[in-house]
1. L98 - would you say it is of a type in the set (A, V, I, L, M, F, W, C), within 19 Å of the chain's Cα centre (by Cα) and outside any helix (DSSP H, G or I)?
2. State whether the residues of region 4-23 include one that is among the acidic types (D, E), in contact (Cβ under 8 Å) with a residue 60 or more places away in the chain and touching a helix residue (DSSP H, G or I) at 6+ places or on another chain (Cβ under 6 Å).
3. Test of understanding: among I86, I101, I63, which residue is aliphatic (A, V, I, L, M) and modelled with pLDDT under 95?
4. Read through the list (1) within 20 Å of L126 (Cα to Cα); (2) exposed (fewer than 13 other Cβ atoms within 10 Å of the Cβ), then give the number of the only condition that S22 fails.
5. Could you tell me which numbered condition V117 fails, if it satisfies all but one of (1) more than 19 Å from the chain's Cα centre (by Cα); (2) within 17 Å of T19 (Cβ to Cβ); (3) open to solvent by 10 Å² or more (accessible area, probe 1.4 Å)?
6. Report every pair of residues separated by at least 6 positions or lying on different chains whose Cβ atoms are under 7 Å apart, first residue within region 83-103 and farther than 10 Å from Y147 by Cβ, second among the charged types (D, E, K, R).
7. Are there any pairs with C-beta distances below 8 angstrom linking a residue in region 57-73 that is farther than 17 Å from L126 by Cβ to a residue that is open to solvent by 40 Å² or more (accessible area, probe 1.4 Å) and of a type in the set (V, I, T), with the two at least 6 apart or on different chains, and if so which?
8. Report whether or not F122 is open to solvent by less than 30 Å² (accessible area, probe 1.4 Å) and either within 20 Å of the chain's Cα centre (by Cα) or in contact (Cβ under 8 Å) with a residue 60 or more places away in the chain (or both).
Amino acid sequence: MDTKTTVPQALKAKLMLWTDVSYHDMEEIDRMQSIPDLESALCSVFEVELPEPRRGVLLELYIQAVLFCRECNFKKEQTSALLSIIKSIHEVNIETPLNDIEQCFKYCKELLLCHSVRRPPFSINLFSSEEVDRVLKYIYNSYVRHYKLYKYIFTPQFKLDLSLTYSGMPDQDDPNMEDYSAPDVITSGEPETETDSSPQTQEASIDEEPEGAALDSKSELKALIEKEVREQMTLVSGQLDQRMKDIENQHNSPPNSRRSSHKAKKNNG
């Protein structure tokens with residue numbers, strides 16, 4: 001299994017007229033009126049070969065886009081371009097399990113700009129300013145606000161596995177590790193009284209104390225390090241969660257309200 005994580009990269013927007021859906025494909029799609037027939041046509045056009053539930057989620061994304069285009073009375077070339085734009089945004093989103101929603105939304109706006117301003121060969125005026133505004137709201141409400149769900153379904157989930165190694169400490173599972181337990185003292189002859197002890201026994205008891213104390217110190221140090229690491233991980237995790245909430249709240253507000261608030265700040269300034 002590939003454990004490498006793809007880092008989000010900046011993409012350059014380009015024209016997508018008839019990129020994925022040809023004129024013949026659009027004629028076939030326009031003939032389909034029922035949802036099952038439309039799903040079958042889109043599955044064939046985009047060559048969707050995914051297991052469930054990914055297949056159903058992706059086809060539903062395309063079906064809703066076609067229905068939106070019909071509601072707006074878009075032409076064939078407009079519907080073809082919008083389907084390719086949504087497909088491209090989705091591919092950018094699921095390229096990595098990391099959070100790249102700001103990059104995806106920026107890429108979406110650049111793609112719409114390429115199809116709303118006449119500047120051959122870099123862009124064309126396929127959509128009017130009113131249509132661009134309507135398309136942007138649709139993509140934002142139908143995809144951008146639910147980008148976490150698409151990322152959860154289409155990208156692998158990663159789990160952090162943290163292990164600590166302590167330099168200079170013997171491995172507990174090592175069979176060659178020295179025995180830190182106190183050695184048994186074997187005596188012969190008559191048992192000694194409590195007040196009578198040989199010099200060898202006194203020396204052994206003196207040597208045992210530093211070894212036990214050193215072992216206790218290492219255990220305490222290990223527990224202290226693990227506690228500190230857990231606290232730091234909890235702190236960082238909380239900061240990341242707060243950052244995700246801030247980004248989500250920022251994008252939950254419609255684009256128009258953000259632009260109006262930005263204008264209000266400029267006027268007040």
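1. Working: of a type in the set (A, V, I, L, M, F, W, C): yes; within 19 Å of the chain's Cα centre (by Cα): yes; outside any helix (DSSP H, G or I): yes.
For L98, the condition - of a type in the set (A, V, I, L, M, F, W, C), within 19 Å of the chain's Cα centre (by Cα) and outside any helix (DSSP H, G or I) - is met.
2. Pass one, region 4-23, residues among the acidic types (D, E): 20.
Still in the list and also in contact (Cβ under 8 Å) with a residue 60 or more places away in the chain: 20.
Then keep just the ones that are touching a helix residue (DSSP H, G or I) at 6+ places or on another chain (Cβ under 6 Å); that gives 20.
Checked against the condition, which is being among the acidic types (D, E), in contact (Cβ under 8 Å) with a residue 60 or more places away in the chain and touching a helix residue (DSSP H, G or I) at 6+ places or on another chain (Cβ under 6 Å), region 4-23 yields at least one hit.
3. Details: I86 fails: modelled with pLDDT under 95; I63 fails: modelled with pLDDT under 95.
Testing whether each residue is aliphatic (A, V, I, L, M) and modelled with pLDDT under 95 leaves just I101.
4. (2) is the only condition that S22 fails.
5. (2)
6. So the pair list comes out as L83/D20; S84/D20; K87/D20; P97/K151.
7. If the second residue must be open to solvent by 40 Å² or more (accessible area, probe 1.4 Å) and of a type in the set (V, I, T), the pairs left are V57/I153; I63/I35.
8. Working: open to solvent by less than 30 Å² (accessible area, probe 1.4 Å): no; either within 20 Å of the chain's Cα centre (by Cα) or in contact (Cβ under 8 Å) with a residue 60 or more places away in the chain (or both): yes.
It is false that F122 is open to solvent by less than 30 Å² (accessible area, probe 1.4 Å) and either within 20 Å of the chain's Cα centre (by Cα) or in contact (Cβ under 8 Å) with a residue 60 or more places away in the chain (or both).
The values are calculated or read from the model by the stated rules, or taken from the named source; none is laboratory data. From a predicted model like this one, the values you see are computed outputs, not experimental measurements. Methodologically, a virtual Cβ is constructed for each residue, glycine included, from the backbone with ideal geometry; neighbour enumeration extends over all protein chains shown. Ligands, DNA and RNA are excluded from the accessible area calculation, which covers all protein heavy atoms including side chains. Shrake-Rupley method; radii C 1.70, N 1.55, O 1.52, S 1.80 Å.
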